[in-house]
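Below is one structure, written out as structure tokens, with a few remarks after it.
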């Protein structure tokens with residue numbers, strides 16, 4: 001019986017706090033909407049589907065893990081992102097100076113604005129990468145690599161903005 005009362009009190013305290021969520025977010029209760037515009041692509045090397053992939057992944061993450069309503073303009077929160085880097089570089093070189101492994105790195109610049117609580121604003125650049133064997137062409141592995149990289153980036157962006165980790 002004691003355990004039930006303690007659990008109920010702890011639950012009541014978490015709810016009354018108003019900003020705790022079991023998804024790890026710390027969004028004030030009066031923040032109701034978010035605007036996530038299309039992610040612009042400004043990297044020199046072109047990947048025509050990456051902007052759409054990042055935009056949809058961000059919108060999906062916020063839809064699933066928050067109760068925020070997504071609006072086209074003037075949200076209480078605004079998450080503006082642009083892809084500034086999309087690069088492939090050799091990471092491991094063999095004895096005969098050939099690439100043994102390559103790394104695809106995607107960089108995203110993020111400007112997050114909280115119109116009701118500007119002290120929570122974040123401007124930051126995030127990068128994530130995946131390595132692949134140099135015997136494979138980028139075209140052969142690009143889709144899988146991008147999916148994994150975008151998943152990492154979206155997690156990092158989410159945590160830095162509304163989870164404030």
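Of all residues in the range 110-132, which are crowded, with 17+ Cβ neighbours inside 10 Å and outside any helix (DSSP H, G or I)?
Across the range 110-132, the qualifying residues are 110, 112, 113, 114, 126, 128, 129, 130, 132.
Can we say residue 58 is surrounded by fewer than 18 Cβ atoms within 10 Å (Cβ to Cβ) and touching a residue at least 12 places away in the same chain (Cβ under 8 Å)?
no
Find the residue count for the range 133-149, including only residues that are touching a strand residue (DSSP E or B) at 6+ places or on another chain (Cβ under 7 Å), farther than 19 Å from residue 40 by Cβ, surrounded by 15 or more Cβ atoms within 10 Å (Cβ to Cβ) and at pLDDT 95 or above.
2
Mind checking which residues of the range 115-129 are touching a helix residue (DSSP H, G or I) at 6+ places or on another chain (Cβ under 9 Å) and within 18 Å of residue 82 (Cα to Cα)?
122, 124, 126, 127, 128, 129
Considering the range 61-81 alone, what residues qualify as being buried (at least 20 other Cβ atoms within 10 Å of the Cβ) and farther than 13 Å from residue 27 by Cα?
The answer is 75, 79, 81.
Enumerate the pairs (first residue in the range 19-41 and within 17 Å of residue 115 (Cα to Cα); second residue anywhere and loosely packed, with under 13 Cβ neighbours inside 10 Å and modelled with pLDDT under 90) with beta-carbon separation below 7 Å, excluding pairs fewer than 6 apart on the same chain, so at least 6 apart or on different chains.
Taking only residues 6 or more apart or on different chains, the pairs are 26/19; 26/164; 27/19; 28/19; 29/18; 29/19.
Is it true that residue 104 is crowded, with 19+ Cβ neighbours inside 10 Å, under 20 Å from the mean Cα position of the chain (by Cα) and touching a residue at least 40 places away in the same chain (Cβ under 8 Å)?
Here the answer is yes, as residue 104 does meet what is asked.
Sort through 43, 113 and tell me the only one that's within 24 Å of residue 149 (Cβ to Cβ) and modelled with pLDDT of 95 or more.
43
The values are calculated or read from the model by the stated rules, or taken from the named source; none is laboratory data. Bear in mind the structure is a predicted one, so any value in this text is a computation, not a measurement. Cβ atoms come from the backbone with ideal geometry, glycine included; neighbour counts cover every protein chain shown.
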